[in-house]
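K.L.:
So that we are looking at the same thing, I have put the structure below in structure tokens.
Just so it is clear, none of the values below were taken in a lab; they were calculated from the coordinates. Here the structure is a predicted model, which is why all the values come from computation and not from measurement. As a convention, Cβ positions derive from the backbone with ideal geometry for all residues, glycine included, and neighbour counts pool all protein chains shown.
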Amino acid sequence: MISIPRCSYILLETCMDDFSLIDLVASLISSCLDPPRTGVSLCAECADKSTQGCQTIEQKRTQTMIKQDLQHKNAFGNKLSRRELLKFSAAFAASRATLQATRALGLSKDDRVRLAYAGTYNKPIDGGGGNGRGIYLFKMDSISGELTLVKLAAEARNPSWLSIDPSGRYLYAVNEISDYEGGSGSVSAYALDAISGELRLLNVVRSEGAGPAHLSVDASGKYVFVANYAGGSVAVLPIQNSGALGPAAYSHQDKDSVGSTIPSDAPAGSFAFSGHDKPHAHTIQAAPGNRFVLHTDLGQDRIYVHRFDASTGELTPANTPFVSLANGDGPRHFVFHQNGKWLYSLQEEASTVVFFLFDPVTGSLRSEQTISTLPAGFRGTSFTSEIVLSIDGRFLYVGNRLHDTIAIFSIHQDGRLNYIGETSTLGDYPRHLSVEPGGNFLYACNQRSDDITSFRINKETGQLTFTGQYTALGSPACLIFLP
């Protein structure tokens, strides 16, 4: 057994912001591990130096306590095994590395910040420019909602959708292209440093279809699901132990049954005709419980439901393999409510939300309500983009492109929606919406105006208030936060 003085712990607990003190304690512990030594102590001179960093933390009381402990050497010591000390040393080293990384980002221990990543387009799409260069790292001030650009984290080709695995160690990005290895799109895997935000490319694999537009990670963190919009297909990519991706474990091609070019439920005067030339898989995600995987096909006006074999990655049709939406309406994205039983589907060309009851046992969907995302009396063309829930599940938000608004809905106790208003995104063509993990702010990625706007969420009413902050970013496509 080895004795160390209690002052070691006092130093760590009271002076964690001072690197010199952390070095001192790390050195102190390291010296305990030398075989010839059975105890440690500091001379009076060292003790004086060790207290210099405590001026702002309970100054005199802490200094006195540390000096007394050091002067009494092992009088207040704790008996620890060599193995326990090795664990403490590793913890001290990690603490110092953490502080160094946060300092490098311009943060301190007490800053309430989150890291965020934005995917962008570097090739024009949907009338927007190709002004991005890849995936960008931001820090977010959780008090003001302000986003501050840290750096370009990874150069990449059209990383228009991003997802982080459940462990927070890996980030996956679609590359919305059609010329990778014989006419496919691709998916890139990155190792993610949750402290510094650094991304390190692990590998790139085929998405098994052209123009991937969406991906997600299953709850076990073992598979990535990808939807290929241009190719009309979906694939399941296994995640290896390193976080890199393997070749597809499963792929499926949507065929035939293309819907009308004129959406049934679009506003009067709408020319929102875009995706009914062929099948277009648009989004894919596991249902809560990880037993079923759902994907939309905009061109077919369908939501497919698959049983998911988590041991192989294979998808098989559920008892009811798909539900059909109104002809031509174009299901784009969907979101599950936190209760796991309500699903809200967003139709791109009709500008509607359809509320479904989801059976977590059979995977069946039953339509309960269809509601417009546009204000009463609207006439003309608009395309929806993204659908997100408030953290408490009481409100739902939808992005309207061309109308350039965020539609706000309250959610009744039975899951039905009530349209309660709209807020301008103060930008052009809001392609993506995201609510940060604290639930206080919503962000809109305005693709054509090259900016991200932020809004404070009133948790009582669901209403949005512009924070006054524009964050410049070329052709933003999506924004995600580290949990």
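K.L.:
Can you tell me what the convex hull of the Cα atoms of region 304-359 projects to on average, as an area in nm²? It would help to have the intermediate numbers written out before the result.
P.N.:
Details: hull surface 18.3 nm².
Computed as one quarter of the Cα hull surface, the answer is 4.6 nm².
K.L.:
Could you work out the equivalent-ellipsoid semi-axes for region 113-481, taking the square root of 5 times each eigenvalue of the Cα gyration tensor, largest first, in whole Å?
P.N.:
Whole-Å semi-axes of the equivalent ellipsoid: 26, 26, 20.
K.L.:
Output the pairs from K151/K255; K139/K278; K341/K459 with a Cα-Cα distance over 32 Å in this structure; if there are none, say none. Mind showing how you got there, number by number?
P.N.:
Numbers: K151/K255 42 Å; K139/K278 40 Å; K341/K459 23 Å.
Over 32 Å Cα-Cα: K151/K255; K139/K278.
K.L.:
Which ordering of D141, D277, D256 is given by a fewest-first count of other beta-carbon atoms within 10 Å?
P.N.:
Working: D141 15, D277 10, D256 7.
Sorted ascending by nearby Cβ count, the order is D256, D277, D141.
K.L.:
Ok, one more. Non-local amide H neighbours of Q469 (under 5 Å, H modeled in plane, Pro and chain starts lacking H): which ones?
P.N.:
S454
K.L.:
While we're on this one: Which value, in Å³ per residue, describes the convex hull spanned by the Cα atoms of region 219-280?
P.N.:
123 Å³
K.L.:
Determine how many Å³ per residue the convex hull of the Cα atoms of region 135-212 encloses. Provide the component values of the computation, followed by the final result.
P.N.:
Working: hull volume 7.4 nm³, N = 78.
Given the Cα convex hull of region 135-212, per-residue volume reads 95 Å³.
K.L.:
At 37 °C and 0.692 mPa s, grab the translational diffusion coefficient of region 298-401 from Stokes-Einstein with a Kirkwood Rh over Cα pairs, rounded to a whole number in µm² per second. Before the final figure, lay out the partial values.
P.N.:
Values: Rh = 14.6 Å.
The diffusion coefficient I find is 224 µm²/s.
K.L.:
Next question, about the same structure. When ranked by the protection proxy of mean other Cβ atoms within 10 Å per residue, highest first, what sequence do the peptides 239-249, 182-192 form?
P.N.:
182-192, 239-249
K.L.:
Using only the alpha-carbon atoms of region 114-177 as identical scatterers, what base-10 log of I(q)/I(0) does the Debye formula give at q = 0.17 Å⁻¹?
P.N.:
-0.63
K.L.:
I want the local charge near A249. Using Cβ-Cβ distances under 12 Å, sum +1 for each Lys or Arg and -1 for each Asp or Glu among the other residues.
P.N.:
-3
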